[in-house]
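The values are calculated or read from the model by the stated rules, or taken from the named source; none is laboratory data. Quantities reported herein were computed from a predicted structural model and do not represent experimental measurements. Heads up, the Cβs are rebuilt from the backbone with ideal geometry, glycines too, and the neighbour counts pull from every protein chain shown.
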Amino acid sequence: MYMTHRLLPAAVALIASATVWAGDSPGTFEREVPAPARGVVQISSTNGTVDVSAWDRAAVSVKAELAADVDRVEVTNSGDHTVVRVIQRHSGMSFSNSGHEETHLRVQVPKDSEVDVSTVSANANSTGVLGAQRLKSVSGDITADIGPADIEAKSVSGSLKLRGKGQAAKLHISTVSGDLELKHAAGDLEATTVSGEVTAELDPAHSVRLRSTSGDIHFEGRLTRGADFDGQTVSGDLKVRAGFEDGLTFEAASVTGDISDCFNAAAERASEYGPGHKLNGTRGGGSAHVRLKTMSGEIDLCDRK
Amino acid sequence: MTERDAKDSVTTLRDLPQGIEPGRDLWPQIEAQIAGRGGAVRALGPAGAARRNGAAARVYLAAAAMVACVAVGVWIGRSGLPGAGSPLAQGSRPSAATRHTAWVTDPRYQREHRELMRALGTQLASLPPASRAKVMASLATIRQAKQELESALGKDPGNALLQELLVNTYQDEMRVLTDVREASDAGRGI
């Protein structure tokens, strides 16, 4: 009985597996497999484009135009996991532009699915997904709609563009040099970059942590009662325009950069003998907390959007 | 506490007077006590001297045991702390100035950092050329940020803001190295 339980998923996976060679018809691939409404869909492709969209059906549909260097597309379905993989022809990775046409992969998933997309240089685009999304690329750009569930997005040099509709979600984002653009988001945001530019718009925002080494950070939004905002750079500028529901308490500190604001408060020296300036104070009820820190970047704080 | 007391309060060892002369010559009384004790030992005879030597031995044994306990305690404390041997491990309340030193001298950090750096060349080679260039530029940015922060800390070692930024920059470097490793693995996995 125990063995049956252990072997059953593997057997189902084997039967449901739809490993199809890229030669369905020349240069194209098309397949549809049943999938649970709230399952996990994992998609990986090296280059070209990956488009993920949500629909109301309990199935995963895969359509692709394949470049010459693609060996095959695998679509496997096991339990609540559906895996879509574009396998390159050569085992070693080749990033040289050999003039082949790029691979374009289009995947439709049940709208409540969790989606996990991983690419190397392929650009990825996700629209309409309501489940959690994990989006990862090396140099490919990522664009995604923000649903009600968490998003974790990560890139090395690719840019990230996330767009919401004011629905609260938890967003965890990191890049090395890629830029981040966040529009019409709400809820919690944690974003880290080394040299990318961060432009984030959250309304309302409850918890925001932004960190950069040399990239500039620009935040615009409204802080909820008791919200927490941390912004930190080494040499990047910090520009924060934060409206509030119940006031804010702010602490801004810089070692060599300037601190300015839109409410005519003057920064003061951080210590009698050492370098640095600070600007501390309260606006309104002081409920939200804003902390801004930099070494040589400039800080600009405004309590209005 | 009176105003005078407050003014005269001692805040450092340097505030204490360097020498205080006694009001009278104490040596004659000390000499007399030494001479008297020697005479008393002689008066006790060999058995008394042995008892006295036994008591002295017990005192020395107790002192040795105490020193051993303290040594074991210090050793356990040092080996249990992160970054044993670092300034953090040398005191129960590390100052802000020792925090980043403790971070970078932690053997686990050093080992992890060394391994990531060793693999970096191979991992970079597996990235697309544009990505590789951007990662190298970002690592150079981090290196420069570390140098600037350390230089600023050299001038202002107690600056908590600089300490925090430096520690975070070290963490960012590790994150980038880890991300590059993951990206390289992802490329192989697809």
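Numbers below:
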item	result
Subset of region A:46-89 [among the polar types (S, T, N, Q) and modelled with pLDDT of 95 or more]	A:Thr49, A:Ser53, A:Ser61, A:Thr76, A:Thr82
When residues of region B:132-158 are limited to those that are buried (at least 20 other Cβ atoms within 10 Å of the Cβ) and without any contact (Cβ under 8 Å) to a residue 24 or more places away in the chain, the one farthest from the other protein chains (Cβ to nearest Cβ)	B:Arg132
Criterion violated by A:Leu105 - all others in (1) in contact with a Phe, Trp or Tyr (Cβ under 9 Å, 6 or more places away or on another chain); (2) within 30 Å of A:His206 (Cβ to Cβ) satisfied	(2)
Flag for B:Ala96 being at pLDDT below 85, surrounded by fewer than 21 Cβ atoms within 10 Å (Cβ to Cβ) and either at the interface with another protein chain (Cβ under 7 Å from one of its Cβ atoms) or under 21 Å from the mean Cα position of the chain (by Cα) (or both)	yes
Candidates A:Ser214, A:Ser174, A:Ser207 - the one that is of a type in the set (Ser, Thr, Tyr) and either under 19 Å from A:Glu251 (Cα atoms) or away from every other protein chain (no Cβ under 14 Å) (or both)	A:Ser207
Residues located in region A:200-213, provided they are surrounded by fewer than 24 Cβ atoms within 10 Å (Cβ to Cβ) and more than 16 Å from the chain's Cα centre (by Cα)	A:Asp203, A:Pro204, A:His206, A:Ser207
Selection status of B:Ala65, in a helix (DSSP H, G or I) and either among the acidic types (Asp, Glu) or at pLDDT 60 or above (or both)	yes
Residues of region A:144-169 satisfying the condition of being assigned to a strand (DSSP E or B) and farther than 23 Å from B:Val176 by Cβ	A:Asp145, A:Arg163, A:Ala168, A:Ala169
Yes/no for A:Gly158 being touching a Phe, Trp or Tyr at 6+ places or on another chain (Cβ under 8 Å) and either within 14 Å of chain B (Cβ to nearest Cβ) or surrounded by fewer than 17 Cβ atoms within 10 Å (Cβ to Cβ) (or both)	no
Given (1) surrounded by fewer than 19 Cβ atoms within 10 Å (Cβ to Cβ); (2) within 14 Å of A:Leu130 (Cα to Cα), index of the condition A:Ile146 fails	(1)
Among residues of region A:102-143, those that are in a loop (DSSP other than H, G, I, E, B), away from chain B (no Cβ under 14 Å) and without any contact (Cβ under 8 Å) to a residue 40 or more places away in the chain, counted	1
Candidate set from region B:178-187 (those that are touching a residue at least 60 places away in the same chain (Cβ under 8 Å) and either at the interface with chain A (Cβ under 7 Å from one of its Cβ atoms) or surrounded by 21 or more Cβ atoms within 10 Å (Cβ to Cβ) (or both)); member that is nearest to the chain's Cα centre (by Cα)	B:Val180
Top-ranked residue in region A:67-79 [being farther than 21 Å from A:Gly48 by Cα and in contact with a Ser or Thr (Cβ under 9 Å, 6 or more places away or on another chain); ranked as nearest to the other protein chains (Cβ to nearest Cβ)]	A:Thr76
Residue that is modelled with pLDDT under 90, more than 10 Å from chain A (Cβ to nearest Cβ) and crowded, with 19+ Cβ neighbours inside 10 Å, where the choices are B:Gln123, B:Gln110, B:Gln163	B:Gln123
